[in-house]
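Notes follow once the structure below has been shown.
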Amino acid sequence: MHFKTLRWLIALGVILSIQPVMAEISWDNETADAQWSTPANWSGNHEPTSLSEVQFSLSTIAGTVVTLESAEEAATLSFLTNGYVLEGGDLRLSTGTISVGAGVTATLATTLDGNTISKAGGGTLIFSESNTYSGATSVNAGVLNIRNDYALGDYVMGTTVASGAALELEGGVTVDSETLTINGTGISSGGALRSVSGDNSFNGLITLAASSRIRTVSNSTLTLHPASGNALEGSFTVTLAAGSNSTISVLQPIATSHITKDLAGTAILAAANTHTGSTTVSAGILNVQHDLALGSTNNGTSVTSGATLALDGSITISNEALTLRGNGVEGGGALRSISGENAYQGLITLAADSRIHSDLDLLILHPSSGSAITGNFNVTFGGNANITVGQPIATGNGSLIKDGNGTLTLDAVNTYTGATIVNDGKLIVNGSISGSALTINNGATVTGSGSLGAFTLNSGGIIAPGESPGFLNTGTILLNGGTLALELHGATPGVQYDQINVAGDVSISLATALMLSFGPYDPPDDGSQSFTIINNDLLDAILLGGLLTIDGQPLFEGGHFVVEGQPLVITYAGGLGNNDVVLTAVPEPTTTILLLGGGALFAGFRTRRQNR
């Protein structure tokens, strides 16, 4: 053999002979004192060193708590049996791989030192203490569950979660400044980042290396709030999966492609997001608290049946197209205004019968141009607060239903032809719903100075033209009870007193109450002041199956009555066409008056204007 070759081989042998050799060592706890530092508790009766691949595998001692002293060492850890806890002291891992077998849970209640830490295996590894290792953390498989603010060691190198693995936060931890890279949806779509109990926060930048899922388990919260910059970024879809009675709050911008909200809980977007794709609310509530929370307006927002988009805190969403389906979470609205004066200024398209709801203050639907709402479906407006629609509702033959104690104001010329049904609260029509048949039910009020189509007033409902007097234009009207509320504050119709202008039949089929108010006005009582309260066109007579009433008393043709001390007389055959309802102020009688045509006495007139 050539001398140089021989010399090279000798040198190689020397080098190989001094390379560290990893050695596997197993815990057997022969002394039963459960002390890491007792040599007899290890196979071969040697305490682990920095070259030891330590295994905890014997099922006969599952659940053992192993106590460490300071400056213990190992190369790697492997847990093959469930329930081991390493506690006390500190442990330095030279290689840093910790493997936990599938179905196995292991807890490190000791301080980890060293460089990088890599979680392997399909089981769950719990870090319950503050750790001081200086390198990166990799969750390559299974679950890494942290229960301490500083469990991830030095934050400089960050943490990475591989596809199919999960990082869990538990017990009210706050991780500051740690960067996090996540891949995928976690274990069985349970989330690559999960909050499993308590109020947890991750305050470092989260980067998506693939479309990924962030989840809160029921009755927990997760807040994403870096001190500056983005909370989430990466050209992928992020799914915010808040479980029932849980919340995910993102308080800094999201700069991803798409955002999806699912599961039954609430996700809060409180920053100016710059995501370029669509926003989808598949389940639960997406609560937006910033004008730009829905990101780029190019792809719009969509709400799935049973889910809710909630506006909160006096925000204005501009030019964002919105597609609605259904009644929202617990019937609270697919679009819902929570508090403040919120405005949605994009086109809303109904893809199914849908509900829009206002809890408190005011919701304004007013795109800069075009229609406010389209789609050939029914829309219900509800809630205890107010809603104003400033552009047309163009929902074809879809119906409009109003319920709840709040007020709905329609300011535009609406083109829908389906029914308008007012079940509760108030509808103010300052624009037009002339293509729709209106029904006013018990507990509901309709007012305004716009145009109605045909309408039916049912028992317990109120029609009140104008808003501090005005005109209300209608088609055919049917009075089936309820109340006609009028302000008679002067001599000019539509300006000083309320008037209903009717193009069509007027039918009074059941007793309908008059509610009259003069305010400060004192009309002349010489018969020169009349009030045409229903101004019918010249073609249609008034059909009397019932009568108007005052204080429950029927008002027959030519009948006299008194309101606020002012005597009046009524005719149902007034005006040029002999088909208007006209009230005329007359002198105060000094004797009992027989109601003409009624055969009943109406006595006891009050002294004129005593209480004015």
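Of the labelled options (1) 140, 53, 34; (2) 73, 61, 46; (3) 127, 53, 45, which one gives Cα extents along the principal axes in Å as computed for this structure?
Working out Cα extents along the principal axes in Å from the coordinates points to (1).
Helix 3-18 versus the longest principal axis of the chain: what is the Cα-based angle in degrees, 0 to 90, to the nearest 10?
Rounded to the nearest ten degrees, it is 60.
Each residue of segment 107-118 in turn: what ³J(HN,Hα) in whole Hz from Karplus with 6.51, -1.76, 1.60 and θ = phi - 60°, glycine and Pro shown as x?
Whole-Hz 3J(HN,Hα) from phi for segment 107-118: 10, 9, 9, 10, 7, 8, 10, x, 9, 7, 10, 10.
Can you give me the long-range amide H partners of THR388? Hydrogens built in the peptide plane at 1.01 Å from N, cutoff under 5 Å, separation of 5 or more residues or another chain.
Those lying under 5 Å, H to H, from THR388 are LEU363, ILE364, LEU365, THR409.
Mind jotting down the three principal axis lengths of segment 209-281 based on Cα atoms? Whole angstrom, largest first.
Result, largest extent first: 29, 25, 19 Å.
Considering Cα pairs under 8 angstrom that are at least six residues apart, work out the relative contact order of segment 27-123 and quote it in whole percent.
Numbers: 256 pairs, mean separation 21.1, N = 97.
Result for segment 27-123 is 22 percent.
Calculate the all-directions average of the projected area of segment 448-559's alpha-carbon convex hull, and give it in nm². Before the final figure, lay out the partial values.
Numbers: hull surface 27.3 nm².
The directionally averaged projection comes out at 6.8 nm².
Pull up the cross-link candidates among the aspartates and glutamates for LYS261, meaning alpha carbon to alpha carbon under 19 Å and not fewer than 8 places away within one chain.
In chain and number order, the partners are GLU233, ASP291, ASP312, GLU320, GLU330.
By how many nm would the segment from ASN384 to THR132 grow when fully extended, if each residue of separation counts as 0.36 nm and the alpha-carbon distance is taken off?
Working: separation 252, 0.36 × 252 = 90.72 nm, distance 5.44 nm.
Once the chain is fully extended between ASN384 and THR132, it gains 85.3 nm.
For GLY204, what residues show an amide H to amide H distance below 5 Å, using hydrogens built from the backbone and excluding near sequence neighbours?
Residues meeting the amide H criterion: SER177, GLU178, HIS225.
Which whole-angstrom value gives the distance between the alpha carbon centres of segment 44-112 and segment 337-396?
Their Cα centres are 60 Å away from one another.
Would you give the gap between the C-alpha center of segment 187-219 and the C-alpha center of segment 515-554, rounded to a whole Å?
Segment 187-219 and segment 515-554 have Cα centres spaced 67 Å from each other.
Need the list of aspartates and glutamates near LYS402 for cross-linking: C-alpha distance under 16 angstrom, and skip anything on the same chain fewer than eight residues off.
List returned: ASP353, ASP359, ASP411, ASP424.
Spelling out what I want: for every residue of segment 515-520, take phi, set θ = phi - 60°, compute 6.51 cos²θ - 1.76 cosθ + 1.60 (Karplus), and round to whole Hz; glycine and proline get x.
Result, rounded to whole Hz: 10, 10, 9, 8, x, x.
Quick query: amide H of MET157 versus all other amide H atoms, modeled in the peptide plane; which residues come in under 5 Å with a sequence gap of 5 or more or a different chain?
none
Specify whether the C-alpha gyration tensor of segment 449-489 places it in the rounded, prolate or oblate class, a ≥ b ≥ c being the square roots of the eigenvalues: rounded for a/c under 1.5, otherwise prolate if a/b is larger than b/c and oblate if not. Can you show the working numbers first?
Details: a/c = 2.75, a/b = 1.26, b/c = 2.18.
It is oblate, given that a/c is not under 1.5 and a/b is not larger than b/c.
Sorted by packing (mean other beta-carbon atoms within 10 Å per residue), highest first, where do 127-138, 257-268 land? Before the final figure, lay out each step's value.
Working: 127-138: 19.4, 257-268: 22.8.
The peptides rank, most packed first, as 257-268, 127-138.
Could you give the dipole magnitude of segment 27-123 about its Cα centre, charging the beta-carbon of Lys and Arg +1 and that of Asp and Glu -1, in debye to the nearest 20? Please report the intermediate quantities before stating the final value.
Values: 2 positive and 11 negative charges, 79 e Å.
Roughly 380 debye for segment 27-123.
Quick check on the chain: helices-only [θ] at 222 nm, where DSSP H runs of length 4 and up contribute -39,500 (n - 2.57) each and the sum goes over total residues. Nearest 500, please. Don't skip to the answer; put the middle values down first.
Details: 1 runs with 16 residues, N = 612.
Calculated from helices alone, the mean residue ellipticity at 222 nm is -1000 deg cm²/dmol.
No value in this document is a laboratory result; all are computed from the given coordinates. Treat the numbers as computed from the prediction; the structure is a model and nothing was measured. No Cβ is skipped: glycine too gets one built from the backbone with ideal geometry, and neighbour counts run over all protein chains shown.
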